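Presented below is the structure to which this report refers.
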Amino acid sequence: MCVDTQRYPEGLGYLNLAKELLRPDTTIMKAITLSQGEGYYLTQHYPEAVEAWKEHLAYNPSSVATYYNIANAYAYLLKDREQALTYYRLFLEKAAEVEQPTPQLLEMIEAANKVIRP
């Protein structure tokens, strides 16, 4: 309303305040989107799981396992090889940044490499 009535500084101040108040907490959104993905996956709603996991990456772009989960969903459940390869490559890039990979991560890397380089 303030912007519409040419009270620009006041209107912009209110808009900035509204933006701050409506901005979601990153920590909470990480937890919500990751749980949504898992919930959709476990109820066999795979496209929704992938979308939730992609949203999770917006809040947690370093989540190596999320890239892997998306790649696997595309590869084995949604039968979209092109998207699967894209996400396996992203997974491998992120996994390469892990200084001390766990045995589970090493297995995931090996499996991803087998899909990319059969």
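Per-structure values
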| read-out | value |
| --- | --- |
| Whole-number D in µm² s⁻¹ for region 1-57, Kirkwood Cα-pair radius fed into Stokes-Einstein, 37 °C, 0.692 mPa s | 244 |
| Between 0 and 90°, nearest 10: helix 81-96 axis offset from the chain longest Cα axis | 90 |
| Region 12-118 pair-distance distribution - Cα-Cα, 5 Å bins, rounded % | 2, 13, 20, 18, 18, 11, 6, 5, 4, 2, 1, 0 |
| Linear extension gain, Asn113 paired with Glu82, 0.36 nm per residue minus alpha-carbon span | 9.7 nm |
| Highest-fluctuation residue, Leu92, Leu77, Leu21 considered, GNM on the chain with Cα pairs under 10 Å | Leu21 |
| Computed lengthening from Thr27 to Gln44, 0.36 nm per intervening residue step minus Cα-Cα distance | 3.5 nm |
| The chain: angle of helix 103-116 to the longest principal axis, Cα-based, in degrees nearest 10 | 80 |
| Binned Cα-Cα distance frequencies in region 25-76 - 5 Å width, integer % | 5, 26, 34, 23, 10, 2, 0 |
| Cβ charges +1 (Lys, Arg) and -1 (Asp, Glu), total dipole of region 43-118, debye | 260 |
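Bear in mind these aren't lab numbers, they're just calculated from the coordinates by the rules spelled out. Nothing here was measured: the structure is a model prediction, and the numbers come from that model. For neighbour counting, all protein chains shown are included, and Cβ atoms are generated from backbone atoms with ideal geometry for every residue, glycine included.
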